[in-house]
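Enquirer: Sharing a structure below in structure tokens format, with a few things to ask.
The values are calculated or read from the model by the stated rules, or taken from the named source; none is laboratory data. All values derive from a computational prediction rather than experimental measurement. Here the Cβ positions follow ideal geometry from the backbone for every residue, glycine too, while neighbour counts run over all protein chains shown. Protein only, heavy atoms only, side chains kept; ligands, DNA and RNA dropped before computing areas. Shrake-Rupley method; radii C 1.70, N 1.55, O 1.52, S 1.80 Å.
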Amino acid sequence: PGRNDTPVSIVDWMPTLCTLAAVGSSPQSDNASFRWDGIDLSGMLRSGEAIASRPIYAVGVSGKERSLWMGDWKLIVRGDIARPDAIELYQIANDPSESHDLSANQPDRASELLAAMRRIAATDGESRVRR
């Protein structure tokens, strides 16, 4: 029962489901041979435990589309991350359907999120493979 408006991502499903199913040791542990990209949401599901705000970064199947959701803002980049073909910026809190691209009106915010996206992408091994 209840509601929690914390943004989560599909990458959070695997660590959460493994914890809920009590499947072996957690892949997040220090001795694990790999780590999940997402976080374990079982505490939130079981007791409504708060989850710290975090950027949610996603890469499209082709590797040429990316998004970064930070706070109330979401940036979508098409093409090469170094020289994007197109950038879209949305204020999710006021425009959850992503109907009004604000990139032309908020170029500094778009640049800030693009820089953050590039930093995150540089540490994303899966993303580097698809460049």
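Enquirer: Condition check: open to solvent by less than 70 Å² (accessible area, probe 1.4 Å), touching a helix residue (DSSP H, G or I) at 6+ places or on another chain (Cβ under 9 Å) and over 24 Å from Trp36 (Cβ atoms). Does Pro55 satisfy that? Working first, answer last.
Expert: Values: open to solvent by less than 70 Å² (accessible area, probe 1.4 Å): yes; touching a helix residue (DSSP H, G or I) at 6+ places or on another chain (Cβ under 9 Å): yes; over 24 Å from Trp36 (Cβ atoms): no.
Criteria not met by Pro55.
Let's see how each residue does on (1) modelled with pLDDT of 95 or more; (2) aromatic (Phe, Trp, Tyr); (3) on the phi > 0 side of the Ramachandran plot; (4) exposed (fewer than 12 other Cβ atoms within 10 Å of the Cβ):
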{"residue": "Leu75", "(1), (2), (3), (4)": "yes, no, no, no"}
{"residue": "Leu89", "(1), (2), (3), (4)": "yes, no, no, no"}
{"residue": "Pro96", "(1), (2), (3), (4)": "no, no, no, yes"}
{"residue": "Asn105", "(1), (2), (3), (4)": "yes, no, no, yes"}
{"residue": "Glu112", "(1), (2), (3), (4)": "yes, no, no, no"}
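Enquirer: Out of all the residues in the stretch 31-45, which are of a type outside the set (Gly, Ala, Ser), modelled with pLDDT of 55 or more and in a loop (DSSP other than H, G, I, E, B)? Walk me through how you get there before you give the answer.
Expert: Restricting attention to the stretch 31-45, the residues satisfying the condition of being of a type outside the set (Gly, Ala, Ser) are 31, 34-37, 39-41, 44-45.
Filter again for modelled with pLDDT of 55 or more, leaving 34-37, 39-41, 44-45.
Listed by number, the residues that qualify are Phe34, Arg35, Trp36, Asp37, Ile39, Asp40, Leu41.
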